[in-house]
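The values are calculated or read from the model by the stated rules, or taken from the named source; none is laboratory data. Quick caveat: nothing in here was measured; it's all calculated off a predicted structure. Note that each Cβ is placed from the backbone with ideal geometry, even for glycine, and that neighbours are counted across all protein chains shown.
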Amino acid sequence: MYQSKKEAAIRGSQLVQNEASVGKALGGKSLALITAGAASLTAGSANAAITVPPELLEVFTDLALAFGTLMAAGAVLFGVIRGGVALFKIAGRVFSAAGA
């Protein structure tokens, strides 16, 4: 089993590249797990001290209600316009087929 120095160097560099890619993947997963764990512990201890004033909750509730109303009105308007355009297209095809 004779290998030239060049073949040995190529195989050695491939081995190093493979080990490096496995190490990077493992390191990324470990780092993400540690970061998520630390963030959950921090958030859990921080939530115990937070109190939201009822006035602020009322403002955001009103804001959410207004935003929802605007989104619903926009959806209805879009449907009316889109439906009207579709009706005009259908009418145009019917009349053009009738030769009018």
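Given the structure, is LYS24 modelled with pLDDT under 85 and of a type in the set (Lys, Arg)? Walk me through it before giving the result.
Values: modelled with pLDDT under 85: yes; of a type in the set (Lys, Arg): yes.
Yes; evaluated as a whole, the condition is true for this residue.
Of the numbered criteria (1) loosely packed, with under 10 Cβ neighbours inside 10 Å; (2) of a type in the set (Asp, Glu); (3) at pLDDT below 90, the one GLU55 fails is (3).
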